Amino acid sequence: MDENVGQVIVGEAELRAKIAELGARITTDYADNPPILVGVLKGAFMFMADLARAIALPVEFDFMAVSSYGSATRTSGIVRILKDLEIDLTDATCSSSRTSSIRADLAYLQRNLAARAPRSVETCALLVKEGSSGPSST
């Protein structure tokens, strides 16, 4: 328990180790074709920065801002893009990241990015909220 933020779900050491592991895996898997990292604002910013530093390749990144909550605390199921990408994803290797996700929202983002004709789309979510439904992330 952290008095400033509440219950700690993933400890700092475990988080850093997992980010290092992901960075090494991405470095190996995409050595010949460095990915474009796509972060979903605002939550993914720090996670994506740490992940980018753990990847031993020259990566580009861009950000999207989306909302499915409006003023509510539960997802409406309708995802609105508030800020779109500036990078063209055509024939790119795209890796998107979020700090937390509702699976239905994540599935929408995967379909949206895939429609932009990248070579591939991979997703990394730090947390997937309990009770969410839909396809799992890769």
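The values are calculated or read from the model by the stated rules, or taken from the named source; none is laboratory data. Quantities reported herein were computed from a predicted structural model and do not represent experimental measurements. For neighbour counting, all protein chains shown are included, and Cβ atoms are generated from backbone atoms with ideal geometry for every residue, glycine included. Side chains are part of the model used for accessible areas, which takes the heavy atoms of the whole protein and leaves out ligands, DNA and RNA. Shrake-Rupley method; radii C 1.70, N 1.55, O 1.52, S 1.80 Å.
Which of the residues that make up region 79-108 are touching a helix residue (DSSP H, G or I) at 6+ places or on another chain (Cβ under 8 Å) and either within 22 Å of residue 29 (Cβ to Cβ) or at pLDDT below 80 (or both)?
79, 89, 94, 95, 96, 97, 98, 99, listed by residue number.
All but one of (1) within 17 Å of residue 21 (Cα to Cα); (2) modelled with pLDDT of 85 or more; (3) open to solvent by 20 Å² or more (accessible area, probe 1.4 Å) hold for residue 125, so report the exception by its number.
Tallying (1) within 17 Å of residue 21 (Cα to Cα); (2) modelled with pLDDT of 85 or more; (3) open to solvent by 20 Å² or more (accessible area, probe 1.4 Å), residue 125 fails exactly one: (2).
Cβ-Cβ under 8 Å, sequence separation 6+ or interchain: first residue in region 6-33 and farther than 15 Å from residue 125 by Cα, partner open to solvent by 90 Å² or more (accessible area, probe 1.4 Å) and modelled with pLDDT under 90. Which pairs?
7/1; 8/1; 33/119
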